[in-house]
């Protein structure tokens, strides 16, 4: 059954925490799924959150810590001593622990590491060596592996020991004496094999999908999606097995990328959420507002440049909002198609060019339809000549906007700039200015001004 937080529930919870009513809290809070507890903590102040957190068992604490909002987690960790932070990190899987530790200042990192168990600290420190956007940066050290030369009875003993540190077992990886990955072992085959049977007689050695530690997360995500994997082994440059990546980490990456692209397209230059400070939100929005303002200034200059023509044919001004709106909309639609293709398509440029050609054909069809429609509307209002000006202008603006919308994301991508920029205020502002120039130029020509 899904749990939903209500205002009434929070009011009661605040009272029960103040009263230290353990029986009520255990029945109504601690019995919930860790994701629900984390969501509840997002609504509590720091002291209340720490109190609830202290009542949870150690294993669940780690799950909750990774589930709460990032800003809440940062605030929560800042209230803990380095010793307490070290204890919390030891309850986490190595990849999660490395993520949290990496967010701390360098001096604090060293102190926290010194207070951790040596073995666990070594694993976390090793993960910090990798770029956070690489396979090594998100992999976890905890996995199940068996040496190809072990007999089944020894393998079972060793796997039981390894399983103590692994929350979810998806695969048994088989390695040689140098820890190089040679295959994957089915748990079913292991259970039905004789005690003295060697692992080398049981494992699968063909079509083993893996990634190198220096490969990008985008590559990892595409590989796991293509082969429908729930986990993928990570190898170093010597093909030694050093970790694994689970699907939940990839889903988190995909979600973060989608959020980043959405915010970029919405005119936010950095990641913000409802918990961010007013200053941070303002700073994220300001660059795009400045671009919009500069675009507006250029648009005003275009209009002023044709002031004489507008004075003689004032009805030209009636359709300025239409031209600006259509140019921006078409540009955003076209760029969104290309950005989506760039994000999903790892194939050569040919497949992308096919999409561009299709988008251009769509622009022609839409342009013709809308141009005829606006001409009919203008004629209905008794101004056929103005209708011709607007219809020709609208078709030209739609074609130009479609070209900008397809080419600009490709250029940004070529120069290693996030193409999602093209779906935001940048391309909308550009199309506004260019659209106005096209409209008034055609208008001046057709009215012989």
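Some observations on this one:
- 227, 170, 203 arranged by Cβ crowding within 10 Å, fewest neighbours leading: 227, 170, 203
- Within the listed set 157, 251, 332, the Gaussian network model of the chain (springs between alpha-carbon atoms below 10 Å) gives the highest mean-square fluctuation for 157.
- Peptides 161-169, 86-94, ordered by how many other C-beta atoms sit within 10 Å of their residues on average, highest first, read 86-94, 161-169.
- Using a cutoff of 8 angstrom between alpha carbon atoms and counting only pairs six or more residues apart, the relative contact order for the chain works out to 11 percent.
- Between the range 227-251 and the range 143-175, the alpha-carbon center distance in angstrom: 16 Å
- Fewest-first ranking of 444, 139, 326, using other Cβ atoms within 10 Å as the exposure measure: 444, 326, 139
- Beta bridges per DSSP with both ends in the chain, % antiparallel, nearest 5: 75 percent
- Ordering of 122-129, 294-301 by burial proxy (mean other Cβ atoms within 10 Å per residue, highest first): 122-129, 294-301
- Residue order, fewest to most surrounding Cβ atoms within 10 angstrom, among 9, 392: 9, 392
Every read-out reported here was derived from the displayed coordinates using simple, explicitly stated rules and does not represent laboratory data. None of the values given here were measured: they were computed from a predicted structure. Because the Cβ atoms are built from the backbone with ideal geometry, glycine has one as well, and the counts that use them run over all protein chains shown.
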